[in-house]
1. Evaluate region 172-191: report whether one residue or more is farther than 19 Å from Phe36 by Cα, acidic (Asp, Glu), touching a helix residue (DSSP H, G or I) at 6+ places or on another chain (Cβ under 8 Å) and within 14 Å of the ligand (Cβ to nearest atom).
2. Considering Val237, Val187, which residue is touching an Asp or Glu at 6+ places or on another chain (Cβ under 7 Å), over 24 Å from Val89 (Cβ atoms) and surrounded by 21 or more Cβ atoms within 10 Å (Cβ to Cβ)?
3. Are there any pairs, at least 6 apart or on different chains, whose C-beta atoms fall under 7 Å, with the first in region 36-64 and within 18 Å of Thr85 (Cβ to Cβ) and in the same structural domain as Leu112 (by TED's automatic domain parsing) and the second basic (Lys, Arg) and surrounded by 21 or more Cβ atoms within 10 Å (Cβ to Cβ), and if so, which?
4. What number of residues within region 108-167 satisfy the criterion of being part of a strand (DSSP E or B), in contact with a helix residue (DSSP H, G or I) (Cβ under 8 Å, 6 or more places away or on another chain) and charged (D, E, K, R)?
5. Answer yes or no as to whether Val118 is under 19 Å from Leu43 (Cα atoms), touching a residue at least 12 places away in the same chain (Cβ under 8 Å) and not polar (S, T, N, Q).
6. Output the number of the condition that Ser56 fails; it satisfies all remaining conditions of (1) over 17 Å from the mean Cα position of the chain (by Cα); (2) modelled with pLDDT of 95 or more; (3) of a type in the set (Ser, Thr, Tyr).
7. Being among the polar types (S, T, N, Q) and assigned to a strand (DSSP E or B) is the filter; apply it to region 244-275 and report the residue that is farthest from the chain's Cα centre (by Cα).
8. If I filter region 262-269 for residues that are surrounded by fewer than 20 Cβ atoms within 10 Å (Cβ to Cβ), farther than 16 Å from Val210 by Cβ and charged (D, E, K, R), do I get at least one hit?
Amino acid sequence: MSGVYLYQNRLLPQEEVHISPEDRGYYFGDGIYEVFRVYNGRLYEADAHMRRLQKSAADVRIELPSEPEQLLHQLVELVAANRLTEGTVYLQITRGEASRSHPFPKAAAPVLMAFTNVLPRPLAAVQSGISIVSMDDIRWLRCDLKTLNLLPNVLAKQHALDRGAGDVVMHRGGTVTECSASNIMIVMGGRIVTHPANNLILHGITRAVVLRLANELEIAAEERPFTLSELMEADEVFITGTTAEITPVIAVDGATIGGGTSGPVTRKLQQAFERSIEAL
Ligand code: PMP
């Protein structure tokens, strides 16, 4: 995190970005965000990310400071200004600056800032897979909104790392929802199963890409809730996310999944995903 920032409508060096301690994002987490992937200097699935941002903004009643097309154009300029080839763009918009009081402030204007991160592709994890541990999903009931309130996700990720795992798989009463920063899919008898895109999960852009690729490859996919026991008995398990891409899961709570390596359906999807990056 350094270099040129997008702050409101301008590209500025980081040193010139001054965000107030009275920004509602700081004390209420009153804001929304997006993380875009950049491959080869280009934004991947930019329109889908922008649509999700618009949905998050509308549902928490924050007005986007600029039109989506203009914002997208500014992000392209931000990527160019930072000479980013492989990495991410983080964008957040808060409800703005006002003295601390719960009601929406009448005078505050949204505060937008975005920066880039250099991030190599997760090739080792994509190849060898990760192990995950299960944990109660303690989040609120609007997990479909990408808001700044990520404390449960932060605690979940640390829970995994403390146990030597790569991530957690969260569940509500035994029904699997998603991971701390990715969606999760299982493969049973050649069919993909993943939680429906409702209020209990983030509607992952990579999740949608994978479902689209599965359709193109004529791999059956079902969007329905599945249980922890189905997860443990699955032939293959993988997670999907902007930074995780398609990462195989090789163990859950210490028990090996499938053969303990990436399975054939996962590999087919990974290859198709690879082609979608090359076509960018
Ligand atoms: N679920 C959660 C909780 C996330 O934070 C993310 C990362 N944005 C995802 C799923 C995956 O979504 P995407 O594929 O859009 O990165």
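The values are calculated or read from the model by the stated rules, or taken from the named source; none is laboratory data. Computed from a predicted model, the values in this text were never measured in an experiment. So basically every Cβ, Gly included, is an ideal-geometry build from the backbone, and we count neighbours across all protein chains shown.
1. No, the conditions are met nowhere in region 172-191.
2. One residue alone meets the criteria, Val187.
3. Tyr44/Arg37
4. Of the residues in that region, 1 qualify.
5. The answer is yes for Val118.
6. (1)
7. At the first step, the residues of region 244-275 found to be among the polar types (S, T, N, Q) are 247, 256, 261-262, 266, 270-271.
In the following step, the residues that additionally are assigned to a strand (DSSP E or B) were identified as 247, 256.
On the way: Thr247: 13, Thr256: 26 Å.
Going through the qualifying residues, I end up with Thr256.
8. No, there is no match, as no residue in region 262-269 is surrounded by fewer than 20 Cβ atoms within 10 Å (Cβ to Cβ), farther than 16 Å from Val210 by Cβ and charged (D, E, K, R).
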